[in-house]
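Inspection log for the structure reproduced underneath, given as structure tokens.
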Amino acid sequence: MLDKIEELDRNLFLFLNNLHTGFLDWVMTLFSARLPWLPLYLAILVSVIWSCSIETTIDEQNKSRRKIVFRKREKKVIITLVISLLATFFITDFFSNQIKYLVGRLRPGWNPITCDIARVIEDNRFSYSFVSSHAANVFGLAMLTAAIFRRRWFTILIFSWAIIVSYSRIYVGRHFPGDVLFGALFGIAVGYLAYKFIQIIIQKDVLRYRQ
């Protein structure tokens, strides 16, 4: 049974790995890298510290006016959220790497069955594949921040980003689909537990100011 699952995983990898163009090579390499996404992480950090809302007021002519208002959150809220974000990244990164060594599954570029036919367009250094740390990291972040901010547009964007980043690891030849899938599930679980930790510590809606 396990052999059949691994065979299916390899075949799906070869199909997805070979859906390539010159432009996609550049795009997927960008999504697969960590450094280009620092501005996103900084934007999330700023959003954790400052709350942004739109307030409507009525002027003397009885006309409604809207303005954007920024408020700094309570110190306890900021500290709790920052610790939760850092803990989510640390747990997903550390334990996904420990799982790699426990399972010992070779990456596509080193696996004897796929090493000669996989397209590896990222550094093909020797290491293990299951589970994907990238997928665990980004889905952990996506789950936690989507639960915190609770904005439909943000949830769609952050999970779309996580999906593309995870797919890019298959595209560049660093992971099999199964590595990405279980890495994503692990990240979602950690992100969910981190949000429950926030609820226990703060005991209120941490990101919405009550009117």
**OP:** Using θ = phi - 60° and the Karplus relation 6.51 cos²θ - 1.76 cosθ + 1.60, list the HN-Hα couplings for region 13-25 in order, rounded to whole Hz, with x at every Gly or Pro.
**Re:** 4, 4, 5, 5, 5, 9, 7, 10, 9, x, 5, 5, 4
**OP:** Compute the acute angle (0 to 90°) between the alpha-carbon long axis of helix 38-49 and the principal axis of greatest extent of the alpha-carbon atoms of the chain; round to the nearest 10°.
**Re:** 30
**OP:** Amide H neighbours of Ser51 under 5 Å, at least 5 residues apart or on other chains, H built in the peptide plane: list them.
**Re:** Arg71, Lys72, Arg73
Original post:
Under a plain spin-label model, where a point goes 7 Å from the Cα along Cα-to-Cβ, how far apart in nm are Arg125 and Gln199?
Top reply: 4.0
Original post:
Stretch Val27-Tyr192 to full length: gain in nm at 0.36 nm per residue minus the Cα-Cα span?
Top reply: 56.4 nm
Original post:
For Leu19 and Phe95 in the same chain, what is the full-extension length gain: residue separation times 0.36 nm, less their Cα-Cα distance, in nm?
Top reply: 24.3 nm
Subject >> Proxy reagent accessibility, fewest Cβ within 10 Å first, across Lys196, Lys100 >> reply: Lys196, Lys100
Original post:
Which value in Å is the Kirkwood Rh of region 113-195 over different Cα pairs?
Top reply: 13.2
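Sort Tyr101, Tyr171 by Cβ crowding within 10 Å, fewest neighbours at the top. Walk me through the intermediate numbers first.
Numbers: Tyr101 9, Tyr171 25.
Fewest-to-most ranking of Tyr101, Tyr171: Tyr101, Tyr171.
What list do you get for Thr155, Thr80, Thr92 if you sort them by fewest beta carbons within 10 Å?
On the way: Thr155 16, Thr80 20, Thr92 28.
Fewest-to-most Cβ neighbours within 10 Å comes out as Thr155, Thr80, Thr92.
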Subject >> Point-to-point label distance, Val82-Leu12, nm (Cα→Cβ direction, 7 Å offset) >> reply: 4.0
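Once you have the alpha carbon radius of gyration of the chain, what is it after dividing by 2.2 N^0.38 Å, with N set to its residue count? Please list the in-between numbers first.
On the way: Rg = 20.8 Å, N = 211, 2.2 N^0.38 = 16.8 Å.
In units of the globular-protein estimate, the chain measures up at 1.23.
Bear in mind that the values in this text are calculations on the coordinates, not laboratory data. Note that this is a predicted model, so its numbers are computed, not measured. Every residue, glycine as well, gets a Cβ built from its backbone with ideal geometry; the counts of neighbours run over all protein chains shown.
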